[in-house]
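Accompanying notes for the structure given below.
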C-alpha cells in the first residue's frame with residue numbers, strides 16, 4: 001500500500017521533523033503544503049528527523065489548492081483529520097485500499113472549514129475528552145498512520161523482533 005501523509009501549512013519545525021521520521025520508518029510519502037512556518041533546512045527540523053531525511057520521499061506543493069488539483073479527493077482515498085471529524089479514525093476500512101492520503105492541518109487552525117464541510121464524509125477524528133482542544137500534531141499523525149498500517153497487517157514492516165533470539 002502507498003501511504004501519503006499531507007501536512008497543510010505546518011508551523012512548528014519539530015513536529016514536521018518528528019513526522020518525517022515516522023514517515024521514513026513506515027515508508028510513507030510526506031507531502032508538505034506551503035506556506036510553511038519554517039524552512040525545511042532549519043536545524044530544528046533536521047534534528048527532529050535525525051538521519052532519516054535521505055530515507056524519506058517528500059513532495060512539496062506551492063498551495064493547498066495545487067495539492068487538491070493534483071490529487072483530487074473525489075478520485076483518491078483521501079481522509080481529512082480534524083477534531084470535528086464525522087468518523088473515528090479507526091472506522092474506515094483501509095484493508096482493501098491500495099493508496100491512502102491522510103491530511104493534517106496547521107497546528108493553530110487545523111484544516112480549512114470550507115474543505116471540511118465539502119468533504120464531511122471523509123473527515124476522521126481521534127476521540128478525546130471534550131474539555132481539551134487537540135493532540136500534538138506529530139502524535140496525531142502517528143496514531144492514524146499506525147492504525148492504517150495495523151489494518152494492513154503492517155505489510156512490508158518488520159513483524160517480529162529478533163533482538164532477544166541472539
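For residue 124, all conditions in the list (1) in contact (Cβ under 8 Å) with a residue 12 or more places away in the chain; (2) part of a loop (DSSP other than H, G, I, E, B); (3) out of contact with any helix residue (DSSP H, G or I) (no Cβ under 6 Å at 6 or more places or on another chain) hold save one; what is the number of the exception?
For residue 124, the failing item is (2).
Go through the range 127-145 and report how many residues are under 22 Å from residue 12 (Cα atoms) and free of Cβ contacts under 8 Å to residues at least 40 places away in the same chain.
Count: 3.
Among the helices (runs of 4 or more DSSP H) lying completely within the range 1-111, list those that include at least 1 residues that are in contact with a strand residue (DSSP E or B) (Cβ under 8 Å, 6 or more places away or on another chain), modelled with pLDDT of 95 or more and surrounded by 19 or more Cβ atoms within 10 Å (Cβ to Cβ).
Of the helices (runs of 4 or more DSSP H) lying wholly inside the range 1-111, those with at least 1 residues that are in contact with a strand residue (DSSP E or B) (Cβ under 8 Å, 6 or more places away or on another chain), modelled with pLDDT of 95 or more and surrounded by 19 or more Cβ atoms within 10 Å (Cβ to Cβ) span 13-26, 64-70.
The values are calculated or read from the model by the stated rules, or taken from the named source; none is laboratory data. Keep in mind that what you see is a predicted model, and the values were worked out from it rather than measured. Here Cβ is always computed from backbone atoms with ideal geometry, including for glycine, and neighbour counts include all displayed protein chains.
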